[in-house]
Amino acid sequence: MKSFLTIILICLSLTGAWSQTNFEKGYFIDNNGTKTECLIQNKDWKNNPSEFSYKLNETDNIKPANISEIKLFEIYGKSKYVRYTVMIDRSLSIPRTNVFQNDEPTSKEPSFNEETLFLEILIEGEVSLYSYEEKNILKFFIKTEDSEVAELIHKGYVEGGTYEEKKSYYRENNSYKEQLRTALSCSNINYNTLKKTQYLENELIRLFTKYYECKKSEYNNYANLKNKSNFKLFVKPGVHLSTLSLDYISSTTLDPNFETELGYKLGLEIEYKLPFQNNKWAIFTGTNFVSYKFEDDRYNFKYNALEIPLGIRYRSFINNNSCIFINGSMVFSNCLKLDFSNYSNIILRGSPVIGLGYEFKNKIAIEAQYSFSRNVIMNLSPFEGKLSGFSVVLGYAIF
């Protein structure tokens with residue numbers, strides 16, 4: 001486990017060195033209404049920014065821009081933010097627990113403060129939808145042609161009992177549903193539709209889309225441009241050079257003398273790309289069929305296994321078509337067949353594995369992997385040892 005944690009720390013430190021974010025085509029509008037075409041550093045913000053960096057061209061120096069001087073900025077095909085001075089309630093949308101605590105919201109009514117923020121545009125049209133996220137709050141805002149930007153009110157709170165009594169009841173202020181009923185008036189949006197709409201981005205987007213389909217009016221859906229979490233399935237054939245060191249516990253003269261041997265592996269890997277930082281982070285698992293064979297003058301060791309990796313991956317993009325990636329994983333083995341003297345079962349402890357690779361067009365990949373030493377245990381056997389190896393693996397994304 002310590003080795004695995006060390007690998008994860010190595011991966012994280014290397015990602016820091018690789019974490020340069022692309023500058024992508026976009027523009028901003030300043031306080032004078034001047035539109036400037038430029039390259040904006042796309043950090044795929046999880047929390048709404050209050051500033052950004054840009055360059056006028058590829059060779060230009062990086063310049064800062066902040067909310068006090070910029071009214072709007074957009075990264076083409078990715079995201080769009082607009083500055084508004086709004087009334088925002090920073091109470092948690094949902095209390096952390098259903099048990100009353102001193103700092104949990106206890107009032108149904110929102111506690112508004114006036115703030116100037118960059119709101120992310122999700123839907124833009126005669127009725128627009130915006131979002132603001134920061135740490136543990138997520139708020140949505142609405143604007144119609146006849147009204148200013150206003151927060152869609154959704155507040156969780158607790159009531160009933162005192163802190164000392166440790167008794168409370170969870171309640172919700174869902175005024176946003178009435179706000180939506182007023183703003184999104186159309187024949188296909190009824191009471192039941194609004195009642196089922198939760199205070200979630202995908203549900204609000206679905207409701208707004210339904211409204212515009214009913215109205216048959218034009219709108220822009222910027223939410224569809226955002227990075228989405230998604231799955232990928234890879235076929236992964238490869239070869240490995242493995243070293244097996246076995247010791248005869250009671251006599252060194254009976255130790256096998258195995259050389260490093262070439263074997264093969266074939267597997268499937270399923271990867272889940274996380275929906276932030278431009279899909280640079282991913283987690284993965286899968287299954288690999290692996291075959292080992294070692295021989296010397298006295299011993300013949302053959303071993304087939306199914307290996308299951310659990311890991312995390314980070315991509316550093318070179319350009320739109322290619323990237324370098326690093327991953328760390330823990331691999332667990334299940335013995336399918338063992339042919340070694342009279343022993344039919346083997347236990348391989350979990351092994352930390354680190355990999356470095358190159359991927360082209362999200363479709364084809366090649367990766368070098370190093371598997372750290374893991375203990376080899378055979379039931380009722382006088383042998384014990386370690387197995388380690390180096391692999392080269394090809395990957396092809398089925399979807």
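The values are calculated or read from the model by the stated rules, or taken from the named source; none is laboratory data. Predicted, not measured: the structure shown is a model, and the values here were computed from it. Backbone-built Cβ (ideal geometry, glycine too); neighbour counts: all protein chains shown.
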Every residue from the range 182-241 that is part of a loop (DSSP other than H, G, I, E, B) and without any contact (Cβ under 8 Å) to a residue 40 or more places away in the chain: Ser185, Cys186, Ser187, Asn188, Ile189, Asn190, Thr197, Gln198, Leu200, Lys216
So Ile189, is it modelled with pLDDT under 95 and surrounded by 12 or more Cβ atoms within 10 Å (Cβ to Cβ): yes
Filtered residues of the range 40-70 (kept if among the acidic types (Asp, Glu) and in a loop (DSSP other than H, G, I, E, B)): Asp44, Glu58, Asp60, Glu69
The range 241-263, residues that are modelled with pLDDT of 75 or more and among the β-branched types (Val, Ile, Thr): Thr243, Thr260
Residue pairs meeting the criteria (Cβ under 6 Å; at least 6 apart or on separate chains; first under 16 Å from Ile398 (Cβ atoms), in the range 261-288; second among the polar types (S, T, N, Q) and surrounded by 19 or more Cβ atoms within 10 Å (Cβ to Cβ)): Gly267/Asn288
Qualifying strands (runs of 3 or more DSSP E) (wholly inside the range 287-397; at least 2 residues being surrounded by 14 or more Cβ atoms within 10 Å (Cβ to Cβ) and modelled with pLDDT of 90 or more): 300-317, 322-339, 351-360, 364-378, 383-397
Residues satisfying the stated conditions in the range 358-378, i.e. of a type outside the set (D, E, K, R) and within 19 Å of the chain's Cα centre (by Cα): Asn362
Output for the range 41-55, where each listed residue is in contact with a Pro (Cβ under 7 Å, 6 or more places away or on another chain) and of a type in the set (Asp, Glu): Glu51
Residue among Glu37, Glu115 that alone is part of a strand (DSSP E or B), over 21 Å from Lys139 (Cβ atoms), touching a strand residue (DSSP E or B) at 6+ places or on another chain (Cβ under 6 Å) and modelled with pLDDT of 90 or more: Glu37
